[in-house]
Amino acid sequence: MKLSCVAAQPRPLFLSMSVNEPGPSGRTPEDAEDIRLMGLASTGDMAAFEALVERHQRLVVGTVARMLGTNSDAEDIAQQVFVRVWKNAKRYEPRAKFTTWLLKITRNLVFNELRRRARHPAVPLQSETEEEERPLKDETAVPPDATLLEHELQEAVDAAIAQLPEAQRMAVILRRYEELSYEEIAEALDQSVSAVKSLLFRARTELRESLKRYLSS
């Protein structure tokens, strides 16, 4: 099983939802295909499992990378997610969307990794020489163009999101980047819809405060 990291694409800071209309059964064709593939995977069909990985690795790797703030460990954690999917395929029951179940596994492993990092923080070393050799800002330089400013804003948004508490952070990531509904986020986080709305409200308040110098310009 080989996963490839997917670079995050810039999105508007506060994104509105797009609608994915379900069919008469209440499931979208994508949901039905996930359920079909999981049924095959539960019998040991490796090709069906690999098809599931292909369909959802962007969701998993992207969510993990944004939660951890780096791509360095995202692929390893994502592989652990799909290993758990394979091992637990026979226990999967399609009462909710497959992606909801997948995101619950992702959430558990990411939260475990965040707590492990909190217990064993890695402090990067920086020599005095490196600090001294850092180039001084050229005050006479040409002002940055719109592309550079957009890149700077995106980095500021990512950094602000990374400072949020883990539940708020994941709610924002699933809403902003994956465009999940409140109900889907609630299921993935094992929270009520009202709790998710509260998480997002608090997160947006903190993000606006962190990014006020960009929002007011």
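The values are calculated or read from the model by the stated rules, or taken from the named source; none is laboratory data. Bear in mind that the values here come from a model prediction, so they are computed numbers and not experimental data. Virtual Cβ from ideal backbone geometry, glycine too; neighbours counted across all protein chains shown. Side chains are part of the model used for accessible areas, which takes the heavy atoms of the whole protein and leaves out ligands, DNA and RNA. Shrake-Rupley method; radii C 1.70, N 1.55, O 1.52, S 1.80 Å.
So here's what we get for this one:
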item: Highest average packing first - 98-111, 28-41, Cβ atoms within 10 Å; result: 98-111, 28-41
item: Label-zone membership for the range 70-109, site E166, 7 angstrom Cα→C-beta point, backbone N under 11 Å; result: 107-109
item: Accessible area (Å², 1.4 Å probe, nearest 10) - H151; result: 110
item: Simple label model, 7 Å out from Cα along Cβ direction - T28 to S72, nm; result: 3.5
item: Sorted peptide list for 162-174, 64-76, 84-96, criterion being average Cβ within 10 angstrom, highest first; result: 162-174, 64-76, 84-96
item: Computed FRET value (nearest 0.05) for L215 with E179, which takes r as the C-beta separation and R₀ as 25 Å; result: 0.70
item: Pairwise label distance in nanometres, N88 with K104, each label 7 Å out on the Cα-Cβ vector; result: 0.7
